[in-house]
Structure formats: C-alpha cells, structure tokens
Amino acid sequence: MSEVGQMAPDFTLPAHNGEPITLSDFRGEKNVILSFHIFSFTGG
C-alpha cells in the first residue's frame, strides 16, 4: 500500500477507447486522478 506523498507505482491500463495508457507518461506533465467504478457500466 502506498503512503500519502509517495510516488504511485507505474502501470499501464486500457483507456475507454482501448488504447493503453501508462501512468509515467504524465509524470511531470499533468495531475492525474484515478477513479475506479466497478460494475458501473455493466448490466450486473
């Protein structure tokens, strides 16, 4: 688990359009907010 103020570990995930997005691509360029909504867009 990360502590407040620590740099987040790098990872790559698919964006909404299926293209891979890597967290480190934004380092020093933009602020990043991660938001996970499990099952928000499914019929379940």
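Can you tell me which residues in region 10-40 are open to solvent by 90 Å² or more (accessible area, probe 1.4 Å) and among the acidic types (Asp, Glu)?
Result: Glu19, Asp25, Glu29.
Report whether or not Asp25 is touching a helix residue (DSSP H, G or I) at 6+ places or on another chain (Cβ under 7 Å) and at pLDDT 90 or above.
Taking the combined requirement at face value, the residue does not satisfy it.
The values are calculated or read from the model by the stated rules, or taken from the named source; none is laboratory data. Since this is a predicted model, take the numbers as computed values, not measurements. Virtual Cβ from ideal backbone geometry, glycine too; neighbours counted across all protein chains shown. Each accessible area value is taken on the protein alone, full model and side chains, heavy atoms only, with ligands, DNA and RNA left out. Shrake-Rupley method; radii C 1.70, N 1.55, O 1.52, S 1.80 Å.
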